[in-house]
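S.K.: Below is the structure I would like to discuss, written out as structure tokens.
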Amino acid sequence: MDLRITEIFYSLQGEADHIGWPTVFVRLTGCPLRCQYCDTAYAFSGGKKWSTEAILAEVKQYKAKHVTVTGGEPLAQPGCLPLMKALCDEGYIVSTETSGSISIQEIDPRVMVVMDLKTPDSLEEKKNLYSNLEHIKATDQIKFVICSRNDYEWAREQVARRQLADICQVLFSPSHQEVTPRMLADWIIEDQLPVRFQYQLHKFLWDDEPGR
């Protein structure tokens, strides 16, 4: 099954549990959400059709153990599921980054899922598919991108009410140029939250180069 791909590139993983590892990124085209802080709007449309075999051949050109399937919203394309299975079958350590708006139930259990819960100030909170929480594994991560103090308080309430820290790692990340890293870190420490502070490594290293 062909997939529409915006880009395949090699870089360092900038976030989540595999941060810092050399990684091949497979960025699928298209996304049903329009988060106000999105930094990959160039992946909303366009792209080129690739077969799974061609994607695997491209990935193999790099000497990486880690592969991240991202977007856009990768799960918006049905061919994403067999692609991730094929990557796992090839022996890669596979992760996917998803908005949490589409079911993750059928994702190969070998894949590490990094799933957003969209905050009110993302402007896409209404798209959260909370039934996905039933399918999160202990090796997955739930991510909140915090755009304001209001977002922080909303996320704090979600963590407590849904006992998210008992399910998997919970990541709080400051929205770039909206909440400073120091501000979010201070809030987390003050409230003694059972969450992991995350600052996107690629924003620090390559802020002037989208897609890195």
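The values are calculated or read from the model by the stated rules, or taken from the named source; none is laboratory data. If you're wondering where the values come from, they're calculated on a predicted model, not measured in any experiment. Using ideal geometry, Cβ is built from the backbone for each residue, glycine included, and neighbour counts are taken over all protein chains shown.
S.K.: In this structure, is GLU134 in a loop (DSSP other than H, G, I, E, B), out of contact with any strand residue (DSSP E or B) (no Cβ under 9 Å at 6 or more places or on another chain), of a type in the set (D, E, K, R) and under 26 Å from PRO32 (Cα atoms)? First the steps, then the outcome.
M.R.: Working: in a loop (DSSP other than H, G, I, E, B): no; out of contact with any strand residue (DSSP E or B) (no Cβ under 9 Å at 6 or more places or on another chain): yes; of a type in the set (D, E, K, R): yes; under 26 Å from PRO32 (Cα atoms): yes.
Against the criterion (in a loop (DSSP other than H, G, I, E, B), out of contact with any strand residue (DSSP E or B) (no Cβ under 9 Å at 6 or more places or on another chain), of a type in the set (D, E, K, R) and under 26 Å from PRO32 (Cα atoms)), GLU134 does not qualify.
S.K.: Okay, moving on. Can you tell me how many residues in the range 59-80 are assigned to a loop (DSSP other than H, G, I, E, B), within 19 Å of GLN13 (Cβ to Cβ) and in contact with a helix residue (DSSP H, G or I) (Cβ under 8 Å, 6 or more places away or on another chain)?
M.R.: 2
S.K.: List the number of the failed condition for LEU83; all other conditions in (1) free of Cβ contacts under 8 Å to residues at least 40 places away in the same chain; (2) assigned to a helix (DSSP H, G or I); (3) more than 14 Å from the chain's Cα centre (by Cα) hold.
M.R.: (1)
Residues checked against (1) surrounded by 14 or more Cβ atoms within 10 Å (Cβ to Cβ); (2) farther than 18 Å from CYS38 by Cα:
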| position | (1), (2) |
| --- | --- |
| SER122 | yes, no |
| THR139 | yes, yes |
| THR180 | no, no |
| PHE197 | yes, yes |
| GLN200 | yes, no |
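S.K.: From (1) under 25 Å from VAL24 (Cβ atoms); (2) of a type outside the set (Phe, Trp, Tyr); (3) out of contact with any Lys or Arg (no Cβ under 8 Å at 6 or more places or on another chain), pick out the condition that doesn't hold for VAL114.
M.R.: With respect to (1) under 25 Å from VAL24 (Cβ atoms); (2) of a type outside the set (Phe, Trp, Tyr); (3) out of contact with any Lys or Arg (no Cβ under 8 Å at 6 or more places or on another chain), VAL114 is out only on (3).
S.K.: What residue, of ASP108, ASP186, is in a helix (DSSP H, G or I) and either more than 18 Å from LEU75 (Cβ to Cβ) or of a type outside the set (Val, Ile, Thr) (or both)?
M.R.: It is ASP186.
S.K.: Shifting gears a bit: Only one of these conditions is not met by VAL69: (1) surrounded by fewer than 21 Cβ atoms within 10 Å (Cβ to Cβ); (2) closer than 30 Å to LEU123 by Cβ; (3) not hydroxyl-bearing (Ser, Thr, Tyr). Which number is it?
M.R.: So VAL69 meets the others, but not (1).
S.K.: Keeping to the range 5-21, report how many residues are within 20 Å of PHE197 (Cα to Cα) and surrounded by 14 or more Cβ atoms within 10 Å (Cβ to Cβ).
M.R.: Residues in the range 5-21 being within 20 Å of PHE197 (Cα to Cα) and surrounded by 14 or more Cβ atoms within 10 Å (Cβ to Cβ): 9 in total.
S.K.: Collect the residues in the range 126-148 that are more than 30 Å from ALA86 (Cα to Cα), over 16 Å from the mean Cα position of the chain (by Cα) and touching a residue at least 12 places away in the same chain (Cβ under 8 Å), keeping them in residue-number order.
M.R.: Those that are more than 30 Å from ALA86 (Cα to Cα), over 16 Å from the mean Cα position of the chain (by Cα) and touching a residue at least 12 places away in the same chain (Cβ under 8 Å): CYS147, SER148.
S.K.: Within the range 148-159, track down each residue that is out of contact with any Leu (no Cβ under 9 Å at 6 or more places or on another chain) and not hydroxyl-bearing (Ser, Thr, Tyr). Even if it seems obvious, please write down each step before you answer.
M.R.: Within the range 148-159, the subset out of contact with any Leu (no Cβ under 9 Å at 6 or more places or on another chain) is 148-151, 153-154, 157.
Result: ARG149, ASN150, ASP151, GLU153, TRP154, GLU157.
S.K.: Please determine whether any residue of the range 169-179 is without any contact (Cβ under 8 Å) to a residue 24 or more places away in the chain and either touching an Asp or Glu at 6+ places or on another chain (Cβ under 9 Å) or not hydroxyl-bearing (Ser, Thr, Tyr) (or both).
M.R.: Yes, that holds for at least one residue.
Matching residues to (1) crowded, with 21+ Cβ neighbours inside 10 Å; (2) over 28 Å from LYS126 (Cα atoms); (3) modelled with pLDDT of 95 or more:
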site	(1), (2), (3)
THR23	yes, yes, yes
LEU28	yes, no, yes
PRO32	no, no, yes
GLN36	no, no, yes
THR52	no, yes, yes
ILE55	yes, yes, yes
VAL59	no, yes, yes
ALA64	no, yes, yes
GLU73	yes, no, yes
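S.K.: Which of the residues belonging to the range 112-127 are assigned to a loop (DSSP other than H, G, I, E, B) and either over 27 Å from HIS66 (Cβ atoms) or out of contact with any Asp or Glu (no Cβ under 9 Å at 6 or more places or on another chain) (or both)?
M.R.: Going through the range 112-127, the residues assigned to a loop (DSSP other than H, G, I, E, B) turn out to be 117-119, 123-124.
Answer for the range 112-127, where residues must be assigned to a loop (DSSP other than H, G, I, E, B) and either over 27 Å from HIS66 (Cβ atoms) or out of contact with any Asp or Glu (no Cβ under 9 Å at 6 or more places or on another chain) (or both): THR119, LEU123, GLU124.
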